[in-house]
Amino acid sequence: MAETLSTGESRYWPIYGSNTTERNSPYPSLLRLLRSHSPTSSHLFGFLALLISGCLLTFLLGVSLTATALGFIAFLPLIIISGPIWLPGFVLVGRCLTVVRFLVGTVAIVSWTYRYFRGMHPAGSDQMDYARGRIYDTASHVKDYARKYGGYFHGRAKDAAPGA
């Protein structure tokens, strides 16, 4: 790997075609480091699979969008002619679905409230208990402050308007 020159110095041969001829060059160690961290065949296979599937999905997206646009153009006259039939149907279905949603929501709220007050501990009841405790503590603090200082807002007017 090394050749001794007439001056007594060693000359290192280039690695993989590099033109490095200095004695303490960092390039050979860098090339060894890169070679040790080079991707394996499984990494290359994974990247190739990712590339192929990405290209395939992009192609299918383009085909789907093109087919949708062409179908819309082809069926536009039929959509315009049958519009007076479809529009009231969509409105009626939308209203029915809205009523069903409100009924389901009402049943869920009433069921949760019934379970909560019966002590069955539905989901979220611990948060309700915590919030109720915080509200109770704050109310009792305000009440104690009002008793101690003769009213909660007593003396606060001067803080709000110091120049008044």
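Tabulated values for the structure
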item	result
Net charge of neighbours whose Cβ lies under 11 Å from the Cβ of Y136, counting Lys and Arg as +1 and Asp and Glu as -1	+1
Euclidean distance of C-alpha centroids, the range 41-63 and the range 115-143, integer Å	54 Å
For A108, net neighbour charge (Lys/Arg +1, Asp/Glu -1) across residues whose Cβ lies under 13 Å away	+2
Rounded to whole Å, sorted largest first: equivalent-ellipsoid semi-axes of the range 40-81, Cα gyration tensor	40, 5, 4
Burial ordering of W112, W86, fewest other beta-carbon atoms within 10 Å first	W86, W112
Spacing of the two label points (7 Å from each Cα toward its C-beta) at F45 and T106, in nm	6.1 nm
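Every number in this text was worked out from the coordinates using simple rules, so none of it is lab data. Keep in mind it's a predicted model, so treat the numbers as computed, not measured. Counting neighbours? That spans all protein chains shown, and the Cβs are built from the backbone with ideal geometry, glycine included.
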